[in-house]
Amino acid sequence: MRVILLGGPELARAALMLGLDVTAEHPDVALIDLRDPTALSVAAALPPGLPRVVVANPDQRALARALAIPLDRIAASCEPAVLGPLVASAVPPARPRATRVVLVSSARGGTGRTLLVANLSRRIAAHRSTVVLDVTGTGGAAWWLGVTPRPWSDIEGLGLELTAEHLAVVAEEARPELRVIGGAPHAPSVAAALATTRAATGMAELVLVDAPLLADERTRALLELADRSLVLTYPDPASRGAQDVAAMPALAWRIASQAPGSPGRSSPDVFFSLPRDEAALASAIASRGIARGRLGHAYDILAALVTEDMASR
Ligand SMILES: Nc1ncnc2c1ncn2[C@@H]1O[C@H](COP(=O)(O)OP(=O)(O)O)[C@@H](O)[C@H]1O
Ligand SMILES: [Mg+2]
């Protein structure tokens, strides 16, 4: 998405984190930091039809309202996780918004796929209707989301001519606009996994798949349906070996899991780094809820990136 920036370095950093294309030529949206003294005068010269997202202090909100900025386009800070969804929703889609299939996998187990799926789905469902498909047969995602979906054997019993209406019957609602399909104790057949994913696109704007490993035949098949894949990588030697020989899917974002250093975009071949954060994990487990703290903040940003990716294609 093309954005024109009126503000300081904080706004520029947020745009970089969100992968926005910063330009003064034919922008789709203007990002204006009202806390920057020069921004307001330059903003007055922008074309009237250009959608605006503004960052404002509490005492500047009245000013923003006087400039006819709707309340849902006013952010309290330059935080990428806050700005991302506002920017994504400011631009009307050129065509009806297509459902996106986003698949989460990795070269080896225990990298944090299920934790990522649970945390992304909770965050994204606040803005976009979401179906989580657990293709692992472990019921792990459902545990995090506090529901017990019907086992895959029930879905297999419905046959391969599945429709969204069939799936609505076997989906468990975890939150408003967040449903979960696929329970323990067995993983689905390749055919059932494919039929379910296709049908699930008729139920929500995002189909988020907790997939088995890259080497699994279900994952290989589902990658053909995915618009984006998130491949978690882990920095120990055996995992590096597994990653080197694994076939990296097209359209993959490599997500470094449990990485040292700060969250964000860290190196050219890593799209985003998630920190190791035992404390955030312990309290998430205790409340069976979303991770907060440093890890939660990283999930917030990644959720904004996925939302933005959905809006821009
Ligand atoms: N960012 C993290 N910080 C600390 N521990 C983590 C993190 N991500 C994952 N873990 C640990 O790894 C374990 C496996 O995570 P999980 O999401 O179940 O992986 P997968 O689904 O890839 O097998 C979790 O139970 C947790 O103990
Ligand atoms: Mg898992």
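Throughout, read-outs are computed from the coordinates displayed, never taken from laboratory work. Just so we're clear, the structure is a prediction, and the values are computed from it rather than from any experiment. Note that each Cβ is placed from the backbone with ideal geometry, even for glycine, and that neighbours are counted across all protein chains shown.
Among residues other than residue 173 whose Cβ falls under 14 Å from its Cβ, what is the net charge (Lys/Arg +1, Asp/Glu -1)?
Within the 14 Å Cβ shell, the charges total +2.
Taking only DSSP H segments of four or more residues, each worth -39500 (n - 2.57), what value at 222 nm results for the chain once the sum is divided by all its residues, to the nearest 500 deg cm²/dmol?
-10500 deg cm²/dmol
For a quick check: with amide H placed at 1.01 Å from N, whose amide H comes under 5 Å from residue 139's, ignoring anything fewer than 5 positions away on the same chain?
184
Which net charge results when you count Lys and Arg as +1 and Asp and Glu as -1 among the other residues whose beta-carbon is under 15 Å from that of residue 191?
So the environment of residue 191 carries a net charge of -2.
Just tell me the longest site-free run in the chain, where the sites are GluC sites (Glu not before Pro) in a DSSP loop having at most 12 other beta-carbon atoms within 10 Å.
Looking at the chain, 26-160 is the longest stretch - no exposed GluC sites (Glu not before Pro) with at most 12 other Cβ atoms within 10 Å.
Work out the charge dipole of the chain with +1 on the Cβ of Lys and Arg and -1 on the Cβ of Asp and Glu about the Cα centre, then indicate which of 117, 214, 5 is farthest towards its positive end.
It is 5, whose Cα lies furthest towards the positive end.
Could you tally the net charge around residue 158, taking each other residue with its Cβ under 11 Å from the Cβ of residue 158, Lys/Arg +1 and Asp/Glu -1?
So the environment of residue 158 carries a net charge of -3.
Could you list, bin by bin from short to long, the percent of Cα-Cα pairs of the range 22-158 in 10 Å steps?
Taking every Cα pair in the range 22-158, the percentages come to 9, 30, 24, 19, 13, 5, 0.
So what are the ³J(HN,Hα) numbers for the range 277-291, from phi and the Karplus equation (6.51, -1.76, 1.60; θ = phi - 60°), rounded to whole Hz, Gly and Pro as x?
Each residue of the range 277-291 in turn: 8, 4, 5, 5, 5, 4, 6, 5, 5, 4, 9, 6, x, 6, 6 Hz.
How big is the dipole moment of the chain about its Cα centre under a simple scheme where the beta carbon of each Lys and Arg is +1, that of each Asp and Glu is -1, and everything else is neutral? Debye, nearest 20, please.
That gives the chain a dipole magnitude of about 360 debye.
May I ask for the percentage of alpha-carbon pairs in the range 100-311 that lie more than 33 Å from each other?
8
Output ³J(HN,Hα) for the range 232-248: one whole-Hz value per residue in order, computed from phi by the Karplus curve 6.51 cos²θ - 1.76 cosθ + 1.60 with θ = phi - 60°, and x for Gly and Pro.
In residue order, the calculated couplings are 6, 10, 10, x, 8, x, 5, 5, 4, x, 4, 5, 5, 8, 5, 7, 6 Hz.
If amide hydrogens are placed 1.01 Å from N in the peptide plane, which non-local residues have theirs closer than 5 Å to the one on residue 264?
Close amide H contacts, sequence-distant or interchain: 273.
Rounded to two decimal places and with Rh computed the Kirkwood way over Cα pairs, what is Rg over Rh for the range 1-77?
Reported Rg/Rh, Kirkwood definition of Rh: 0.92.
Taking only C-alpha pairs under 8 Å that are 6+ residues apart, what is the relative contact order of the chain in percent?
19
What fraction of the DSSP beta bridges in the chain is antiparallel, stated in percent and rounded to the nearest 5?
Around 10 percent of the beta bridges assigned by DSSP in the chain are antiparallel ones.
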